[in-house]
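Please treat every number below as a calculation from the coordinates, not as lab data. Just so we're clear, the structure is a prediction, and the values are computed from it rather than from any experiment. Here the Cβ positions follow ideal geometry from the backbone for every residue, glycine too, while neighbour counts run over all protein chains shown.
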Amino acid sequence: MRYCNEQLFRSQFEFLQRQFLQDGGLPFADILSRETVEQAFDTIEVAWNERIYTPLVTLWVFLGQVLSADHSCRNAVARLIVHRVSQGLGACSSKTGAYCQARQRLPEQFFSTIARLVGRKLEDQANEQWLWKGRHVYMFDGTTTLMPDTAANQQAYPQTWNQKRGAGLPLARVGAIFSLACGAILDLRVAKYSGKGQGEVTLLHEMSQLFSQGDVLLADALMCNWKVLYSFTQRGVDVVTRINKAHRKADFRRGKRLGKDDHLVEWKKPLIRGAGRAAQLAMPRFITVREARVRIDQPGFRTRTMVIVTTLLDPNEYSKEDLADLYRARWNNELDLRSIKSVMQMECLCCNTPELVRKEIWTHALAYNLIRTIMAPAASRHAIKPRSISFKGALQTLEAFQPMIAMRGQHHSTARRMFYELLLTAVAAHRVADRPNRIEPRQIKRRHKHYVPLSIPRAEAKLRILKGLSKN
């Protein structure tokens, strides 16, 4: 699809760029490029008349909706009205129907294409100092998200099996690949919470084409199995994970000794479920992996010993201490998920249909990546790593500067760049404290309100109230 009005497209595209500092000649300023947007437009197959909610305007309103503390469509449309009036345009209707229909018309692939391309470009431009021993490290983990309790959502993403029908919310599993260097989301998958082929291992294999030779996969113990190690090694991708004690035990009396609590050992091929006989025979009987036991002496840490499993076999190039430090950096994956779920409020979505739910998830990923495109130049300008900048601080700073960004749109590029430099300095000032050995009790001080959990469908609970029954 192409805009028939080139001038309208250019003005809307430049405005979208300006919201995330993509037009000031700064480092990483070509990530949200016209080429990226046009690739996403190629996924739109329906005709699109020139109207208020063009694809770019719809995308901008949707991004503002997921970044705002108020995720309602009413609030999103209100911001559009304010923007149009400030630009000398006529105010559109404050009703949300047209906006919701515009989101519905845009295909899911439109949002996923932009989110993937922005994440990929940001990772490709990462400074050499941000990499681990000159290699790109990608972290994979899964999480869950809730959504409104509609019939369509329940059918696509059913609630957990141990909840009474109608008493729980639809639940989706989200598996995502993050960059260790810059924190960007490079790809994600959405599936049911349970069922055959819906687990995190399956989602990781579905995204395996993302990896290139020389990359490193950093994952938790769930990914520590023969098939994952073998399939990624075949791609030239190394894996660093932690032994899954439920399925395998390390015996350091066996194998080739590399040092204390460090050895090479051969893992025998198990029966690979889902693989045909020919594929099973084509795989080798054994793969060689490295097991390194790390002892943790820090008081307060729950884990005392940890066995790292990896396909990085050279102890001279990758010492046991290097592997321990890298696996410890996997905690950034948990912090990234916290940022997108808690800070950006993706823990419970707002859309009422499965297709719109997936679009909302991809829009969260795009908004998250665009915030990372602001943190990257701030880190580059001040010779620090993006991981040392607070994501929440960057989001709050950008939100505070938004009115000024809109006003600076018509100013000279030199003045606009000076303003952007001031914004980046403010972003870089919000540093994450260096607390490598921080410990906290897994408890909260603030008490929850004493409401009885709803254990039956809400309609049935209302009916009981009308009949004078208090219990649900």
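At-a-glance table
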| read-out | value |
| --- | --- |
| Loop-located GluC sites (Glu not before Pro) in the stretch 43-134 whose Cβ has at most 15 other Cβ within 10 Å (DSSP) | 45, 50 |
| Rounded to 10°, Cα long-axis angle of helix 108-124 versus longest principal axis of the chain | 60 |
| Ranked 178, 286, 211, criterion: other C-beta atoms within 10 Å, fewest first | 286, 211, 178 |
| Least to most buried among 451, 138 (fewest other Cβ within 10 Å first) | 451, 138 |
| Sequence-separation-based contact order of the stretch 226-329, relative, with Cα cut under 8 Å and 6+ spacing, percent | 30 |
| Cβ-based charge dipole, the stretch 318-397, positive-most Cα from 356, 331, 384 | 384 |
| Karplus 3J(HN,Hα) series, Hz, for the stretch 237-252 with 6.51 cos²θ - 1.76 cosθ + 1.60 (x for Gly, Pro) | 9, 8, 10, 10, 8, 10, 4, 8, 5, 6, 10, 7, 10, 8, 10, 7 |
| Compactness of the stretch 226-329 - radius of gyration and Dmax, Cα, Å | 14.8, 51 |
| C-alpha long axis of helix 413-429 to longest principal axis of the chain, angle in ° | 50 |
| Rounded to 10°, Cα long-axis angle of helix 391-407 versus longest principal axis of the chain | 20 |
| Exceeding the 21 Å Cα-Cα cut-off - candidates 268/320; 164/462; 192/359; 192/341 | 268/320 |
| Inter-site label distance for residue 231 and residue 469 at 7 Å from Cα along Cβ, in nm | 4.9 |
| Whole-angstrom gap from the stretch 339-389 to the stretch 252-327, using each part's C-alpha centre | 33 |
| Listed peptides 196-209, 231-244 by packing density, highest first (mean Cβ within 10 Å) | 231-244, 196-209 |
| Burial ordering of 450, 247, 364, 382, fewest other beta-carbon atoms within 10 Å first | 450, 247, 382, 364 |
| Within the chain: Cβ-based charge dipole about Cα centre, in debye rounded to nearest 20 (Lys, Arg +1; Asp, Glu -1) | 2140 |
